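The values are calculated or read from the model by the stated rules, or taken from the named source; none is laboratory data. Every value quoted in this text rests on a predicted model; they were computed, and no experiment measured them. A quick note on method: Cβ atoms are made from the backbone with ideal geometry, for glycine too, and the neighbour counts reach across all protein chains shown.
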Amino acid sequence: MKPSIPKGTRDFSPLEMMRRNYIFDVIKGVYQRYGFQQIETPSMENLSTLEGKYGEEGDKLLFRILNSGPVLDEIKSKSEIKQSDVTEKGLRYDLTVPFARYVVMHQNEITFPFKRFQIQPVWRADRPQKGRYREFYQCDADIIGSNSLLNEVELIQIIDDVFSQLQVDVIIKINNRKILSGIAEVIGEKEKIIDITVAIDKLDKIGLEKVNEELKSKGFSEQAISQLQPIINLKGNYSEKISALKNILSNSETGKKGIEEVEEVFSLTQASNIELDITLARGLNYYTGSIIEVKAKDVFIGSICGGGRYDDLTGIFGLPNVSGVGISFGADRIYDVLQEKNIFPDFSNVSTKIMFVNFGKEEAAFCLKLLKRLREDGINAELYPDAAKMKKQLGYADDKKIPFVALIGSEEMKTGEITIKNMATSEQSKVMIDELLHILK
C-alpha cells in the first residue's frame, strides 16, 4: 500500500521546520516582551467543552473522537446507544475556548488580569484549499480579567511589532460586535444578530448577492435586507464612516456604545495601518466587543491574524463576568505569505557549521574530543558516522550545505593541526583548534 497522509495535513522538511520555528520565535519573543506567560492545554477536550461555542457552522467542523478499547466493549453490550456513548471527546477547534476552560479550572492559581500565550496545533474538519488546512498551528495571546480597552491597543501593537519583524506589510481591520448588534436593532432583526454576523463574515468569500440570499433563507424580510445594503456598502475614510454610523445607530444604545469603544481604540493606537471595516464580523458566537482581523497587503490569502473581545466566555464553565480579549496568529498562512514574498532569512548558518570526515576508528575517537570542545563553545558540528569513501562523505556535507569540512588523519593527530576545507571555494588550510573556533564563530 502506497503511504499517504490525510487531506489537509502536511509533512515538514528540516528547512521548513527552520522557517516555521523562525515565525514561532518571533511571535513568542514579542509576546514575552509584553509580559505574556506561556501555557499548554490537551489536544483533545470533552465535547461538552467545545460544542455550542463556535456557532452552528463551527460545530460542524469539530473533529469528534470515537470511543475505543474497553469503552467500546461496554457500548456494544448496550441495547440502546446514544451519541454520547460513541463520542464524548473532540480535537480542539481553537485555543480560546480551552483557555477559558483552563482559567476556570485554575482560577485560584492565576493572578488577574492574566496575560497568557499559547502556541499549539488545532484541528478543523474543513474543506482543504490554499491557505486552509485541517491541522494547523495557532499562536494565541489573551488578556483575561480586565475590561480596559488598553488591552485591545496593546494587542494591536503586538500585531504591528510581529509583522514589522517578519517584514510583512499588513492592514489591521477593526470593528465592534456592539455596532453589528446595533445594526441588527435598527433593521428590526435584533434577535437574529448571530445570523447577520455569520452571513456578513462570508462577504469576501461569496459576495453580497449570496449573503443576501443566505439572509433571506434565514427569514429576514425584504425590507430588513434592503435597509442593510447601504450599511454593508458604507465607504469613506475613518471619520466619514464614524459620522455615518452615529447617524445610522442614533436610536441604538448598544450601537452607540460600540462606536465609543471603536473611537477610544483608534485614538489610543499609533499604528497607521488600521482601518474601520463595518463588514468585519468574524462569525464566532463568543465575541461581544472589539473585533480584529489582519490581512497581508500584497498577498491574497485571507486572514493571517484575528481576534476580539469576549465578555463572558468563562461564564459557561462556572466563572461569570470575567471579560477577556485575544488575538491569534495563523502561523501556516504567515509561512505561505513569507514564502510567496521570498523574504525568509538565510538559515545556512543555523544547521551544521563543520563536519569531521571519518577516516577510521582511531581518527573518529580523536575527532570526538574536538567535537565536544566545539559544541561546548556553541558551534554546531558533527562527525560522519561511517568510514566511507571521501566522495560520499563530501557529498553528504555538500547536500546539507555544511560550509566547512575537517580532515584529521594520522599526521594531523600527531601535530594537533586540523586540515579545513571550505566547501564553497574548495580551499584547504591547516589550523589549530583555537584558530578553528575563531573562524567558525
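Odds and ends about this structure:
- Which numbered condition Ala271 fails, given (1) of a type in the set (A, V, I, L, M); (2) at pLDDT below 90; (3) within 29 Å of Ile316 (Cα to Cα): (3)
- Scanning the range 297-306 for residues that are of a type outside the set (Ser, Thr, Tyr), in contact (Cβ under 8 Å) with a residue 24 or more places away in the chain and surrounded by fewer than 24 Cβ atoms within 10 Å (Cβ to Cβ) yields Lys297, Asp298, Val299, Ile301, Gly302, Gly306.
- Summed over the range 403-416, the residues that are of a type outside the set (Phe, Trp, Tyr) and in contact with a helix residue (DSSP H, G or I) (Cβ under 8 Å, 6 or more places away or on another chain) give a count of 7.
- Once the range 30-44 is narrowed to residues that are β-branched (Val, Ile, Thr) and in a loop (DSSP other than H, G, I, E, B), the residue that is surrounded by the fewest Cβ atoms within 10 Å (Cβ to Cβ) is Thr41.
- Which numbered condition Ile316 fails, given (1) within 30 Å of Ser146 (Cβ to Cβ); (2) modelled with pLDDT of 90 or more; (3) of a type in the set (A, V, I, L, M, F, W, C); (4) surrounded by fewer than 19 Cβ atoms within 10 Å (Cβ to Cβ): (2)
- Residues (free of Cβ contacts under 8 Å to residues at least 60 places away in the same chain and either farther than 14 Å from Glu152 by Cβ or among the β-branched types (Val, Ile, Thr) (or both)) located in the range 264-283: Ser272
- Top-ranked residue in the range 405-417 [being modelled with pLDDT under 95 and surrounded by 17 or more Cβ atoms within 10 Å (Cβ to Cβ); ranked as farthest from Val350 (Cα to Cα)]: Glu412
- Of all residues making up the range 385-441, the number that are assigned to a helix (DSSP H, G or I), more than 16 Å from Lys353 (Cβ to Cβ) and among the small types (Gly, Ala, Ser): 2
- Per-region count, the range 385-399, residues surrounded by 14 or more Cβ atoms within 10 Å (Cβ to Cβ), closer than 14 Å to Asn422 by Cα and under 38 Å from the mean Cα position of the chain (by Cα): 1
- Residues that are within 28 Å of Glu260 (Cβ to Cβ) and touching a residue at least 40 places away in the same chain (Cβ under 8 Å), drawn from the range 312-328: Leu313, Thr314, Ile316, Leu319, Val322, Ser323, Gly324, Val325, Gly326, Ile327, Ser328
- Complete set of residues in the range 101-132 that are in a loop (DSSP other than H, G, I, E, B) and crowded, with 21+ Cβ neighbours inside 10 Å: Arg124
- Leading residue by the ranking (nearest to the chain's Cα centre (by Cα)) among those in the range 123-170 that are among the charged types (D, E, K, R) and closer than 19 Å to Gly326 by Cα: Asp140
- Put simply, of Arg333, Arg309 the only residue that is crowded, with 18+ Cβ neighbours inside 10 Å and either among the β-branched types (Val, Ile, Thr) or part of a strand (DSSP E or B) (or both) is Arg309.
Residues are listed down the side, and each one gets a yes or a no for (1) on the phi > 0 side of the Ramachandran plot; (2) in a loop (DSSP other than H, G, I, E, B); (3) in contact (Cβ under 8 Å) with a residue 40 or more places away in the chain:
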position: Ile5; (1), (2), (3): no, yes, no
position: Thr9; (1), (2), (3): no, yes, yes
position: Met17; (1), (2), (3): no, no, no
position: Arg20; (1), (2), (3): no, no, yes
position: Phe24; (1), (2), (3): no, no, yes
position: Lys28; (1), (2), (3): no, no, yes
position: Thr49; (1), (2), (3): no, no, yes
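- Within the range 146-175, the set of residues being part of a loop (DSSP other than H, G, I, E, B) and crowded, with 17+ Cβ neighbours inside 10 Å comprises Leu149, Leu166, Val168.
- Of the residues making up the range 408-429, none is within 30 Å of Arg10 (Cβ to Cβ) and within 44 Å of the chain's Cα centre (by Cα).
- For the range 241-249, the condition of being under 26 Å from Val168 (Cβ atoms) and either crowded, with 17+ Cβ neighbours inside 10 Å or assigned by TED's automatic domain parsing to the domain that holds Asn151 (or both) holds for at least one residue.
- Residue count, the range 358-384 (criterion: of a type in the set (A, V, I, L, M, F, W, C), assigned to a helix (DSSP H, G or I) and free of Cβ contacts under 8 Å to residues at least 40 places away in the same chain): 4
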